[in-house]
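For reference, the structure discussed in these notes is given below.
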Amino acid sequence: MSKFSLILVDLGGVLFDHEHALSETAKKLKIPYKRFKSEINKIYARCEVDGTTIDEFWRYLLKRVGSAVEVQKYKEAYNTNHTKNVELFKFLKSLKARGIKLGLSTNNIKNHVKDLDKIFAFLRLFDWVFDSSEMHVRKPEREYFEKILITIKIPKENVLFIDDRLDYLKGAKSFDFKVFHFSDFRKSTKQLEKALKYNYA
């Protein structure tokens, strides 16, 4: 791989295991997971850009599945059930120490990233945060990547975009960012280290 000035990293599925958090929380709070997940999928993309807050999002979904669980109780359980990718964070810190800029690239609901940061204190690692709920446009839309480029003022060829979603990678690649598929939450950090080791050893 080429040498990069900026590495853009996805949140859910890369930095944190959000799917495990969702299923574990549903199980613990006795929420019907399959229906809950189905309802999430129906509205998630729209809510990532329309200003819906995370409290409003969960309140609506809990009501849709007939759960009596309070929003705050659900949020606390869901947020704390996130598994942090410790090895990836360690590697990113080593890259930052070498002068590499880091950006968080996430499609998310308003205030969710801030809620997670209160628990895991991870935002301080990043030079930029590109959150769809603040940008009002989401991956993999071209406008999302255009807004990033305007902010960073770094040539496209010097940007590495890391994500677990192939459709998002396709969008980034069509914008001429270099990409890395984070295909396995447990194993891909080692693959990334191997891919970059000759440039950042």
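The values are calculated or read from the model by the stated rules, or taken from the named source; none is laboratory data. Remember, it's a predicted structure, so these values are computed and weren't measured experimentally. Virtual Cβ from ideal backbone geometry, glycine too; neighbours counted across all protein chains shown. To get the accessible areas, we keep the full protein, side chains included, count just its heavy atoms, and leave off ligands, DNA and RNA. Shrake-Rupley method; radii C 1.70, N 1.55, O 1.52, S 1.80 Å.
Counting only helices (runs of 4 or more DSSP H) that sit completely within region 64-122, those holding 2 or more residues that are open to solvent by 10 Å² or more (accessible area, probe 1.4 Å), of a type outside the set (Asp, Glu) and over 18 Å from Glu24 (Cα atoms) correspond to 86-97, 112-120. The lone criterion from (1) touching a Lys or Arg at 6+ places or on another chain (Cβ under 9 Å); (2) modelled with pLDDT under 95 left unmet by Asp167 is number (2). When region 38-49 is examined, which residues are found to be in contact (Cβ under 8 Å) with a residue 40 or more places away in the chain and either in a loop (DSSP other than H, G, I, E, B) or of a type in the set (Lys, Arg) (or both)? Answer for region 38-49, where residues must be in contact (Cβ under 8 Å) with a residue 40 or more places away in the chain and either in a loop (DSSP other than H, G, I, E, B) or of a type in the set (Lys, Arg) (or both): Glu48, Val49. Residues in region 15-25: is at least one buried (at least 19 other Cβ atoms within 10 Å of the Cβ), of a type in the set (A, V, I, L, M, F, W, C) and under 29 Å from Thr151 (Cα atoms)? Yes, some residue in region 15-25 is buried (at least 19 other Cβ atoms within 10 Å of the Cβ), of a type in the set (A, V, I, L, M, F, W, C) and under 29 Å from Thr151 (Cα atoms). When the residues of region 123-135 are filtered to those that are in contact with a strand residue (DSSP E or B) (Cβ under 8 Å, 6 or more places away or on another chain), open to solvent by less than 60 Å² (accessible area, probe 1.4 Å) and assigned to a helix (DSSP H, G or I), the one that is nearest to Gly99 (Cα to Cα) is Leu125.
Entry remark, region 190-201: residues being hydroxyl-bearing (Ser, Thr, Tyr) and open to solvent by 30 Å² or more (accessible area, probe 1.4 Å) number 1 in total. Of the residues making up region 153-189, those that are open to solvent by less than 10 Å² (accessible area, probe 1.4 Å), under 13 Å from Ile7 (Cα atoms) and either without any contact (Cβ under 8 Å) to a residue 24 or more places away in the chain or not in a loop (DSSP other than H, G, I, E, B) (or both) are Val159, Leu160, Phe161, Ile162, Asp163, Ala172. One residue stands out among those in region 136-149 that are surrounded by fewer than 20 Cβ atoms within 10 Å (Cβ to Cβ) and aliphatic (A, V, I, L, M): the one that is nearest to Val179 (Cα to Cα), which is Leu149.
Residue check: Asp55 meets all listed conditions (1) surrounded by fewer than 15 Cβ atoms within 10 Å (Cβ to Cβ); (2) of a type in the set (D, E, K, R); (3) touching a helix residue (DSSP H, G or I) at 6+ places or on another chain (Cβ under 6 Å) but one, namely (1). Close Cβ contacts (under 8 Å, 6 or more residues apart or on different chains) running from residues in region 53-76 that are touching a residue at least 60 places away in the same chain (Cβ under 8 Å) and over 16 Å from Tyr33 (Cα atoms) to residues that are part of a helix (DSSP H, G or I) and not hydroxyl-bearing (Ser, Thr, Tyr) comprise Ile54/Lys75; Ile54/His112; Ile54/Asp115.
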